[in-house]
Each structure stands twice: as C-alpha cells, then as structure tokens.
Amino acid sequence: MDTLVGIGEFSKMTYLSIKALRHYHDVGLIEPASTDPSTGYRRYATSQVPLAQAIRRFRELDMPIEEIRLVLRAPDAATRNRAILGHLERMQWQLEQTQATVASLQGVLSAELHAEGRVEIRHLGAVDVLSEAAQVEFDSCAAWLEPALAGLHHRAEAAGIVTSGPDGALYSDQFFEVGEGEVTAFVPVVGSQKTVEEIVNYPALTVALLAHVGSFTDLDRTYGALGTIVAQRGIGGPGPIREHYLNESTTEVCWPVTADTV
C-alpha cells in the first residue's frame, strides 16, 4: 500500500532535510509523487523512502550529483554496479571510513521492510527526568548526545538522585526538517524525588514503537519503516520523536500517535 506524505514527514522518514529534498527535486534525483500547482507543496509516496535513503548514502560517499544520476538511471544492475565500483576505486584511501556506509547502502538496495509485525503501539506513562537541551546539528548529534547523557548521570550522582530506566532523547521536527534543531537528552529518575528543582515531568504519551538493533548507521531505515506504517494507518500525532537507548546496540524509536489509537 502506497501513501502520500508531506515533505516534513518524508524528511523524518529519510533523514533528509526539507532543503536537501527540494534540491534533489530541482536537480532531478527524486521527484515528489505530486506537487500542488498553486502552492508548490510537495508530497512524497512512502514507496520512495528506500530511493531517498539510497541517495543519502551515495552523498555520504561523496558521490557527485551527476554520478548519482547515472547510477539511478542505469539500464541494468551491471551498469549500475560498474558506476558505483568506479567511484569506490577513486576513493579507496577513504575505504575504512566508508565501509559501514557501503554495507548499509547494500542493505537498503536489497532488503525489503518487514516491520509491520514488530511495530508496537505503546502507552508511555508519565516520567520524571533530568534533562539537558541544546540546538544540535544533525551530523553532530552523536558527538553531543553521549557526553550530555554522561553529564546528566554525573549530576544525578552528585545530587543523590536515583536513576531508573533507559536513557533517552527527544528530537524536534526542526532537527529533521532543517538539519539543526533542539535535541533534549534525558535520564529518568524515581518519582519520589519530585522536590528536586532540576527534575521535570514528561506527561504520558501514546507512541508507535519499533526497536532498532544494530549500527546507528542504519537507524534511518527503522525511522523509514516506522514512519511508513504510521503514515499508512493515518495515526501520526504531534510532538517530538523519542528514542530510548536500551543498550549499546538497541534503540527504541517512539513515534507519537493519536491518543485514541489504542
């Protein structure tokens, strides 16, 4: 089933900013499924998610726009693969840094999304947290998040606050759509300590949840799968996307949905 979504939702599913999507439209890499002739508003089909994610990975490999266009328009797999191989040979000296991205790209090109059975509609109860927010650039997020969470644990220990539950973060719409926006790192704490001034309360929330297991390089594929299902069911709700970090290899992606979904 194919579903049309606005450019903002599509940017969340693909980790491509609105600016990048507009540029790739202008240069002919990925056309919106429809464009309103009076407003110019672009809408994309959820079936275009893998194509957009492939383009993103090609750009991570520093492949020029013209070469990407040749790859996407290749008449057969052999021609496409020769074009890709030629570029990889020219950047052999960068291979160690790009191996993870190449492997992820292969997965996007060859794998189908089978997330339907793994998506869970979950009601997250209200939770007290220590938090830290900042304006963070998309590509710098991982470098900011880890020390931010470590700092929150240090603050909790220094204040005698007991933590409870996995660390997490909230990601504003602007973070995805513009490539820079507010990110809030948080550490849950036990509710009996509400008198501590630094502790704030996050209200209860209903989310569609999909667990990502593996490298953060492929986290956008989980976003794409989850966002596609939310869009197809028409259950998307307002609010920032939340991530829970269960361990080094498992991240729960929580997409807000309408409260009457359950």
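The values are calculated or read from the model by the stated rules, or taken from the named source; none is laboratory data. Just so we're clear, the structure is a prediction, and the values are computed from it rather than from any experiment. Backbone-built Cβ (ideal geometry, glycine too); neighbour counts: all protein chains shown.
Observations on the model:
One line per residue, one yes/no per condition, for (1) at pLDDT 90 or above; (2) in contact with a strand residue (DSSP E or B) (Cβ under 8 Å, 6 or more places away or on another chain):
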| site | (1), (2) |
| --- | --- |
| 17 | yes, no |
| 23 | yes, no |
| 27 | yes, no |
| 33 | yes, yes |
| 45 | yes, yes |
| 49 | yes, no |
| 56 | yes, no |
| 59 | no, no |
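- Criterion (surrounded by fewer than 18 Cβ atoms within 10 Å (Cβ to Cβ) and of a type in the set (Ser, Thr, Tyr)) met by exactly one of 228, 222, 217: 217
- Any chance residue 148 is surrounded by fewer than 16 Cβ atoms within 10 Å (Cβ to Cβ), modelled with pLDDT of 95 or more and in contact with a strand residue (DSSP E or B) (Cβ under 6 Å, 6 or more places away or on another chain): no
- If the condition is being of a type in the set (A, V, I, L, M, F, W, C) and free of Cβ contacts under 8 Å to residues at least 60 places away in the same chain, then the stretch 194-218 contributes 196, 213.
- Test: residue in the stretch 186-193 that is under 30 Å from residue 3 (Cβ atoms) and surrounded by 13 or more Cβ atoms within 10 Å (Cβ to Cβ): no
- Selection of first residues in the stretch 129-152 that are aromatic (Phe, Trp, Tyr) and of second residues that are part of a strand (DSSP E or B), restricted to Cβ pairs under 9 Å at least 6 apart or on distinct chains, gives the following pairs, ordered by first then second residue: 138/180; 138/181; 144/134; 144/136; 144/137; 144/183; 144/185.
- Where strands (runs of 3 or more DSSP E) sit wholly within the stretch 150-262, those with at least 3 residues that are under 29 Å from residue 18 (Cα atoms) occupy 167-171, 180-189, 205-213, 241-247, 250-256.
- When the residues of the stretch 61-91 are filtered to those that are among the acidic types (Asp, Glu) and at pLDDT 80 or above, the one that is farthest from the chain's Cα centre (by Cα) is 76.
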